[in-house]
Structures are given as structure tokens and as C-alpha cells.
1. Using the Cα centre of region 1-80 as the reference point, and only Cβ charges (+1 on K/R, -1 on D/E), how large is the resulting charge dipole? Debye, rounded to the nearest 20.
2. Does anyone have the angle between helix 98-122 and the longest principal axis of the chain? Alpha-carbon axes, 0 to 90°, nearest 10?
3. For the residues Thr95, Thr21, what sequence is obtained by ranking on other C-beta atoms within 10 Å, fewest first?
4. Place a +1 charge on the Cβ of each Lys and Arg in the chain and a -1 charge on the Cβ of each Asp and Glu, then give the dipole magnitude about the Cα centre in debye, rounded to the nearest 20.
5. Could you list, bin by bin from short to long, the percent of Cα-Cα pairs of the chain in 10 Å steps?
6. Full-extension gain between Val100 and Leu115, please, as 0.36 nm times their residue separation minus the C-alpha to C-alpha distance.
7. Please compare each pair in Lys29/Lys129; Lys56/Lys120; Lys29/Lys56; Lys5/Lys116; Lys35/Lys120 to a cut-off of 23 Å on the Cα-Cα distance and tell me which ones are over it.
8. What full-extension length gain, to one decimal in nm, is calculated for Ser37 and Ser82 as 0.36 nm per residue of separation minus the Cα-Cα distance?
Amino acid sequence: MDILKEIFFAYWFFLPVGFATLGAFFSAKIPYLKKMSYPADFYLKFRGKRVFGSHKTIRGFIAGIICAIITVYIQIFLYDNSNFLRETLYIDYYTIDPIVFGFLCGFGSLAGDALKSFFKRQSNISPGKSWFPFDQIDQIVGGILFTWFYIYLSLSQYIFITIIWFLIHPLMTFLGYLTRLRRKPL
């Protein structure tokens, strides 16, 4: 097993999940899209508390899924035009339907995040407050669960995906803080 190849594959394969999360986050920063921020929980409550809270919106889900689908289209284009990618990646991107795989990545990522938000609300943890390690693994678990039925990878590949993306999360959060997109560094 070539460790660098495994790391690259884990990063590449899960890029649509990562961009789904970014798409949902940035959709809240675009003034025109802010008007479309209807809560994904439709204001429903469980045990007197909002199911997901106001931060999980239909707008975020749609933007995230669209970003994931676009990312898969770009990946397929790059795969088609790169001998390096065709020789390095473990799966044949010619067999992937970008809409299906992009939807599964995007929805899985955001569903994992929404499920974590449900448990945060039930545990009286306010939105935006760090909840280690669940803030780091929610999208990973959701992305793996939803894509697993479409593309099945080996256990070692899922472990690499989990480790790589677990490490990417705090880095991206810190970069968001440095660029003043987030209020807290971690």
C-alpha cells in the first residue's frame, strides 16, 4: 500500500463532501441567497427544542448539493484529461454519474451535520459552539454512509478518508477565522 497514494485518494474522493459543506456555509454569506433561508426543520420541535435550529436551511442543503455535483463534474473532467489521475485513483471516474454521486456526497455531508445539530440542540449546546469530536466527524460519517451504497471502498480507504478529513476540518475552521468568516479559531 502506497501511503501517499492512499492520502491523495482519500482527499480527492471526498472533495465533493467538503465542497458541499463550503457551499452551504457560503450560501449564508451571499446577500441574495439570504432571502431563501427557510429552516430545514420547518420550525418543528422535539422535546420543546428546535430539531436542527435556524442555522440548517433548505438554502444550505440546495447550495451544498449543487456544489457537490459541480465538484464531481470537475473531477470527471480532470480525470478525463489527466494520465496521473487515471493511474493514481482506485476507481474509474468514467463509471460515475456526477448527479447521483454529487447528490449523495452533498446530501450525506449536510444530513450528517444536521443530525449532529439535532443532538447539540437536545444537549443544550448552542449553535457555533465547538463540540469535539462531533463537529469534525459529522460530515465524514454522513458522506460515507450515503456514498457507500453507490461506491463501496475498502475499510482502509474509509479509515484514510476519516483521518484525512478529520485533520482538514480544524485547518479549514482556522482559515475561516483568519479570513474573518468565522468568529472562533476552532
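1. 800 debye
2. 40 degrees
3. Lowest count first: Thr95, Thr21.
4. Result for the chain is approximately 1480 debye, rounded to the nearest 20.
5. 10, 35, 36, 16, 3, 0
6. 3.2 nm
7. Flagged as over cut-off: Lys5/Lys116; Lys35/Lys120.
8. 12.3 nm is the gain from fully extending Ser37 to Ser82.
The numbers here are math on the coordinates, done by the rules we state, and not lab data. This is a predicted model, so every value here is computed, not measured. All Cβ positions, glycine included, derive from the backbone under ideal geometry; neighbour counts span all protein chains shown.
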